[in-house]
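Report on the following structure.
The values are calculated or read from the model by the stated rules, or taken from the named source; none is laboratory data. Note that this is a predicted model, so its numbers are computed, not measured. Please note: Cβ atoms are built from the backbone with ideal geometry, for glycine as well, and neighbour counts cover all protein chains shown.
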C-alpha cells in the first residue's frame with residue numbers, strides 16, 4: 001500500500017466552477033477582440049489583432065471564426081482583414097432607442113442648432129469614465145464639428161463630460177485618479193485645476209472647454225436631469241476652435257441652458273420638488 005498522499009478527487013461543484021470561469025474568460029477575450037477591431041477604425045489584419053490582444057494566434061483565429069459565424073465580424077476575401085458588421089450597432093441602437101431622453105431631446109437639439117448655427121450633441125457617462133455620444137444634430141455650415149454616435153471620448157477634458165462629472169463627485173474622483181494624458185497642447189491635466197473647473201460648472205450650470213480634447217474643437221455644455229434630479233446626460237454645442245470667442249460663447253450659453261432645462265423638465269424634473277444630486281462645492 002502506498003504511503004504517498006493521493007491527489008484529492010475534484011468535486012462536481014469544483015468542475016462546474018472551473019468550467020464557468022473558463023467560459024467567462026473566453027467571452028471576455030472574445031469581446032476584447034471585438035473592441036480591438038472597432039477601435040482600429042478599419043479592416044484589421046489577424047497579426048495586428050494578435051499583437052494588440054497579446055493572445056496566441058490560434059486562439060485569436062478561433063475567436064474570429066466564431067465572430068464571423070455569428071455575424072458580428074466579416075472577413076474580406078481579398079485582403080483577409082476583419083471588420084465589424086452592423087450587428088453590434090443594431091443591438092446598441094435598440095438600447096439607445098429605449099432611452100426616453102433621446103426622443104425628448106431631439107427637438108431641443110434642433111432648436112439649438114437653428115439658434116447657434118453649430119453642431120449640437122448629447123452625451124452620457126460610460127462605465128469606463130468616458131462619455132458616449134448618443135444623439136446629435138449637425139450644423140448646416142460647411143465647416144463644422146462632426147461627432148459620431150457611439151463615439152467614446154474622455155469626460156474630464158470635454159464640455160459635456162465636465163457637465164456630468166460636476167454633479168457626480170465620486171465618478172469624477174475615479175476618473176481623476178487615473179492617467180490624464182494630454183490630448184492637445186491646451187489639455188488641462190492637473191487634477192486640482194480640473195476640480196476647480198468642475199466646481200465652477202456646478203455653480204454656473206454650464207461648462208466651456210477650448211481645444212482640450214481636440215486642437216480644433218471647443219464646446220459649451222449643460223447637464224440634463226431626470227425626474228429625481230440626477231444628472232443623466234449633457235447637451236453641448238461643438239464649435240470649431242477658430243470661431244470660438246467670447247461673443248459666441250455668450251450667445252450660445254443661454255440656448256444650451258434653456259434646452260438642457262427644457263429636456264429635464266420634460267423628463268419630469270421639478271427643481272422645487274426634488275433634491276438635486278450632489279455636486280462639487
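Give me the residue from the range 55-73 that is under 25 Å from the mean Cα position of the chain (by Cα) and not in a helix (DSSP H, G or I) and, out of that set, surrounded by the fewest Cβ atoms within 10 Å (Cβ to Cβ).
Result: 71.
Can you pull out every residue in the range 77-89 that is at pLDDT 90 or above, assigned to a loop (DSSP other than H, G, I, E, B) and touching a strand residue (DSSP E or B) at 6+ places or on another chain (Cβ under 9 Å)?
Within the range 77-89, 81 is the sole residue that qualifies.
Among the numbered conditions (1) buried (at least 19 other Cβ atoms within 10 Å of the Cβ); (2) part of a helix (DSSP H, G or I), tell me where residue 145 comes up short.
Here residue 145 meets the rest and fails (2).
Given the conditions (1) within 30 Å of residue 162 (Cα to Cα); (2) outside the structural domain of residue 180 (by TED's automatic domain parsing); (3) surrounded by fewer than 16 Cβ atoms within 10 Å (Cβ to Cβ), and given that residue 32 satisfies all but one, which numbered condition is not satisfied?
(3)
Among the listed residues 220, 164, which satisfies the condition of being surrounded by 15 or more Cβ atoms within 10 Å (Cβ to Cβ), at pLDDT 95 or above and either farther than 11 Å from residue 125 by Cβ or out of contact with any strand residue (DSSP E or B) (no Cβ under 9 Å at 6 or more places or on another chain) (or both)?
On the way: 164 fails: either farther than 11 Å from residue 125 by Cβ or out of contact with any strand residue (DSSP E or B) (no Cβ under 9 Å at 6 or more places or on another chain) (or both).
After ruling out the rest, the residue left standing is 220.
If you check residue 232 against the conditions, is it surrounded by 16 or more Cβ atoms within 10 Å (Cβ to Cβ) and closer than 15 Å to residue 131 by Cβ? Working first, answer last.
Values: surrounded by 16 or more Cβ atoms within 10 Å (Cβ to Cβ): yes; closer than 15 Å to residue 131 by Cβ: yes.
Answer is yes for this residue.
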